[in-house]
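**Q** Let me give you the structure first, and then I'll get to my questions.
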Amino acid sequence: MTDKYNVIFILGGPGAGKGTQCNKIVKEFGFVHLSAGDLLRAERNEPDSEFGEEIAQHIKNGSIVPVAITCSLLKREMKRSKENDDKDFFLIDGFPRNNDNLDGWNSEMSGLVNLKSVLVFDCPKKVCVDRCLERGKTSGRTDDNKTSLEKRIQTFTDSTMPVIEYYRRENLVNEVSAERPEDEVFEDVKRIIQKIQSENNS
Ligand code: UP5
Ligand code: MG
């Protein structure tokens, strides 16, 4: 037995379906879903936040918020879930996105966490962009527009792909083709999570 937090990182391009699939995983398996983007958007909207403006600029530009901010939000939520709800299995969605995130996370959290897997949603760029533009008609997200999306895609290619390659070398990556209908994608996701769970219990 261990007191550490169990973590699966969920990565993939903008609109690849990270949030959608996390919601399905939560329903089926009861893990805690922590979207780094959602936490940053909530922090940005706090009237008293000292980081609000900085976060807003990064989100609009598709660039990446300094790790100290993101990591402290994630850590706070993990601690809260563990203390209040006795939950210790987390899906961390959309993080780590670059080497700064990776280094910051490793120095702050690696001793507290069992990283079980890095689940990567592989989706063609055009599909990603089209999904976000469609969502942008109603989402109100400041980055669901053509200009921000070009930057988000570029950041994913330049900064996040190397993180995925790093974890691939560590043999932690499980990749799923995410261009298919949601339920088909989830069938593969389910198999992967079941395998992780069975390894966890053995
Ligand atoms: N959809 C989903 N799956 C589908 C399917 N199989 N078939 C057809 N449609 C599908 O889905 C996107 C849209 O596609 C939805 O309309 C959905 O219905 C449909 P969603 O599940 O929301 O995709 P997701 O991958 O979660 O897309 P998201 O836009 O959230 O991805 P991003 O990675 O771009 O956004 P995130 O919120 O993680 O980050 C936003 C910004 O915050 C970043 O650009 C960055 O500036 C900042 N950030 C940091 O700086 N650091 C962090 O650690 C995290 C974020
Ligand atoms: Mg998302």
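**Q** Keeping all protein chains in place, calculate the accessible area per residue for the stretch 5-193 (probe 1.4 angstrom), answer in Å². Can you show the working numbers first?
**A** Details: 9330 Å² over 189 residues.
Dividing the accessible area of the stretch 5-193 by its residue count gives 49 Å².
**Q** Return the Rg/Rh value of the chain, two decimal places, where both radii are evaluated on C-alpha atoms and Rh is the Kirkwood radius. All intermediate terms of the calculation are to be shown ahead of the outcome.
**A** On the way: Rg = 16.3 Å, Rh = 17.3 Å.
Radius of gyration relative to Kirkwood radius: 0.94.
**Q** Setting aside same-chain residues fewer than 8 positions from residue 79, which lysines have a Cα under 17 Å from its Cα?
**A** The reachable lysines, counting only those whose Cα sits under 17 Å from residue 79, are 4, 87.
**Q** For the stretch 103-161 and the stretch 1-58, what is the separation of their C-alpha centers, rounded to whole Å?
**A** So the two Cα centres are separated by 11 Å.
**Q** Rounded to the nearest 5, what is the percent of antiparallel bridges among the DSSP beta bridges in the chain? All intermediate terms of the calculation are to be shown ahead of the outcome.
**A** On the way: 0 of 22 bridges.
Looking only at bridges with both residues in the chain, the antiparallel portion is about 0 percent.
**Q** Would you mind working out the magnitude of the charge dipole of the chain relative to its Cα centre, with +1 at each Lys and Arg C-beta and -1 at each Asp and Glu C-beta, to the nearest 20 Debye? Present the calculation step by step, with values, prior to reporting the outcome.
**A** Details: 30 positive and 35 negative charges, 68 e Å.
Dipole size: approximately 320 debye.
**Q** I've got another one for you. When Lys and Arg each count +1 and Asp and Glu each count -1, what net charge do the other residues less than 10 Å away from residue 62, Cβ to Cβ, add up to?
**A** +1
**Q** Given a 1.4 Å probe and heavy atoms of the protein chains only, how would you sort 70, 157, 138, largest accessible area at the top? Could you put the intermediate results ahead of the total?
**A** On the way: 70 10, 157 55, 138 125 Å².
Largest accessible area first, the list is 138, 157, 70.
**Q** Continuing with this model, one more query. Treating cross-link reach as a plain straight distance, find the aspartates and glutamates whose alpha-carbon is under 20 Å from the alpha-carbon of residue 82, omitting any fewer than eight places away in the same chain.
**A** 3, 28, 38, 93, 108
**Q** Follow-up question, since we're still on this one. Residue by residue through the stretch 18-33, what is 3J(HN,Hα) from phi via Karplus (6.51 cos²θ - 1.76 cosθ + 1.60, θ = phi - 60°)? Round to whole Hz and write x for glycine and proline.
**A** Residue by residue, the stretch 18-33 yields 4, x, 4, 6, 4, 4, 5, 5, 4, 4, 7, 10, x, 6, 9, 9 Hz.
**Q** Starting from the amide H of residue 120, placed 1.01 Å from N in the peptide plane, find each other amide H under 5 Å away whose residue is 5 or more places distant or on another chain.
**A** Hits under the 5 Å cutoff: 11, 174, 175, 176.
**Q** Here is a further query. With every protein chain present, what accessible area does residue 152 have (1.4 Å probe, heavy atoms only), rounded to the nearest 10 Å²?
**A** In the full protein context, residue 152 sits at about 30 Å².
**Q** Would you kindly calculate the translational diffusion coefficient of the stretch 118-202, applying Stokes-Einstein with the Kirkwood radius from alpha carbon pairs, for 10 °C and a viscosity of 1.306 mPa s, and quote it in µm² s⁻¹ without decimals? Spell out each step's value before the answer.
**A** On the way: Rh = 14.7 Å.
Calculated translational D: 108 µm²/s.
The values are calculated or read from the model by the stated rules, or taken from the named source; none is laboratory data. Predicted model only: the values in this text are computed from it and were never measured. With ideal geometry, Cβ positions are generated from the backbone for all residues, glycine too; neighbour counts draw on all protein chains shown. Only protein heavy atoms, including side chains, enter the accessible area calculation; ligands, DNA and RNA are left aside. Shrake-Rupley method; radii C 1.70, N 1.55, O 1.52, S 1.80 Å.
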